[in-house]
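Asks: Pasting a structure here, questions to come.
The values are calculated or read from the model by the stated rules, or taken from the named source; none is laboratory data. Not measured: the values here are computed from a predicted model. As a convention, Cβ positions derive from the backbone with ideal geometry for all residues, glycine included, and neighbour counts pool all protein chains shown. Note: areas computed on protein heavy atoms with side chains; ligands, DNA, RNA excluded. Shrake-Rupley method; radii C 1.70, N 1.55, O 1.52, S 1.80 Å.
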Amino acid sequence: MSTVDLAVEGGIAHIRLNRPERLNAVAPVLVDDFLTALDGVARSAARVVVLSGNGRAFCAGHDLKEPTPDGDSRARLDRLQDVTRRLRALPQPVLAAVHGYAIGAGAEFALGCDLVLAAEDAVFAFPEVSLGLSVTGAASRLLPLLVGPLKAKQLLLLGERFDGRRAHELGLANAAVPAGELMPLALGWAEKIAHHPAEAATMAKRALDAGIDHALESALELEVSHALITEHSAAVRESTEAFRSRV
């Protein structure tokens, strides 16, 4: 895997997105490597997973400087949605440690996790509507559950950026701490979970998610359908060209 690092130590699986030169922005190779890492974790003896990003960001969203891949758009979008499916299906609880940018798909990766810790100065946003795009990662299902329908619509329709402290206030993060304290806190939580009986942690995760995830698949399918409509729109072409022209 060239764009995702995986290490398992002391019952804790560490998954680190690793395109730091692009702020860990999403490209097809990162999605492929991320899914490979999640499959590796599922087969491992790890009891908990910590998801983070190398460099200055957690994940800055879709890499708009990358050309749109040729081929079947549905297959590519379904593969992106598989990240959320695999995160939710893992037997191990997954804790996201978010620093720097968590924009668009990056914020949605965090939504798919079981616990979210944020640096106070982390930057979250759901800019899809402003770019003419559709949300992914079951944000249409998970975001309203976490923050309520009115706040979810505000976040999606305005697309404004907000920091880790605000994410905590909204209910998107379990805690927000100074950046230097983020990984020590994440590892402390992970170690505590790793010392619990693994079967009990798995059952707790699945029991809590049972009422949420029964509607997840329909949300993911609707998101793909919307993405197929918006992907080649004039608005998306304009926003993508504007982004690529930046110095």
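Asks: So, with a 1.4 angstrom probe, what is the percent of accessible area on segment 171-227 that is carbon and sulfur?
Replies: Carbon and sulfur together cover 67 percent of it.
Asks: Out of these labelled values of Cα extents along the principal axes in Å, [x] 57, 43, 32; [y] 52, 38, 35; [z] 72, 35, 32, which was calculated from the coordinates shown here?
Replies: Computing Cα extents along the principal axes in Å and matching it to [x] 57, 43, 32; [y] 52, 38, 35; [z] 72, 35, 32 gives [y].
Asks: Moving to a separate point now. In what sequence, highest mean first, do 131-142, 77-88 appear when ranked by Cβ atoms within 10 angstrom?
Replies: 131-142, 77-88
Asks: For the chain, find the longest principal axis of its Cα atoms and tell me its angle to the long axis of helix 198-213, 0 to 90°, nearest 10.
Replies: Roughly 30 degrees, rounded to the nearest 10.
Asks: Just need the relative contact order of segment 1-149 here, percent rounded to a whole number, with Cα pairs under 8 Å and 6+ apart.
Replies: 21 percent.
Asks: Shifting gears a bit: Heavy atoms only, 1.4 Å probe, whole protein assembly: order GLU160, GLU223 by accessible area, highest first.
Replies: The residues order as GLU160, GLU223, largest area first.
Asks: If you don't mind, another one. Quick check on the chain: helices-only [θ] at 222 nm, where DSSP H runs of length 4 and up contribute -39,500 (n - 2.57) each and the sum goes over total residues. Nearest 500, please.
Replies: -16000 deg cm²/dmol
Asks: Using a 1.4 angstrom probe on heavy atoms only, work out the carbon and sulfur share of the accessible area of segment 1-137 in %.
Replies: Solvent-exposed carbon and sulfur of segment 1-137 make up 51 percent of the total.
Asks: Where a Cα-Cα gap under 18 Å defines reach, which aspartates and glutamates qualify for LYS151, not counting those fewer than 8 residues away within the same chain?
Replies: Candidates past the 8-residue exclusion: GLU108, GLU128, GLU160, ASP163, GLU169.
Asks: If one takes the longest principal axis of the Cα atoms in the chain, at what angle in degrees, from 0 to 90 and to the nearest 10, does the Cα axis of helix 149-158 lie?
Replies: On a 0 to 90 degree scale, this one is about 50.
Asks: Straight-line reach only, C-alpha to C-alpha below 15 angstrom: list the aspartates and glutamates that LYS205 could link to, leaving out same-chain residues fewer than 8 apart.
Replies: The reachable aspartates and glutamates, counting only those whose Cα sits under 15 Å from LYS205, are ASP114, ASP213.
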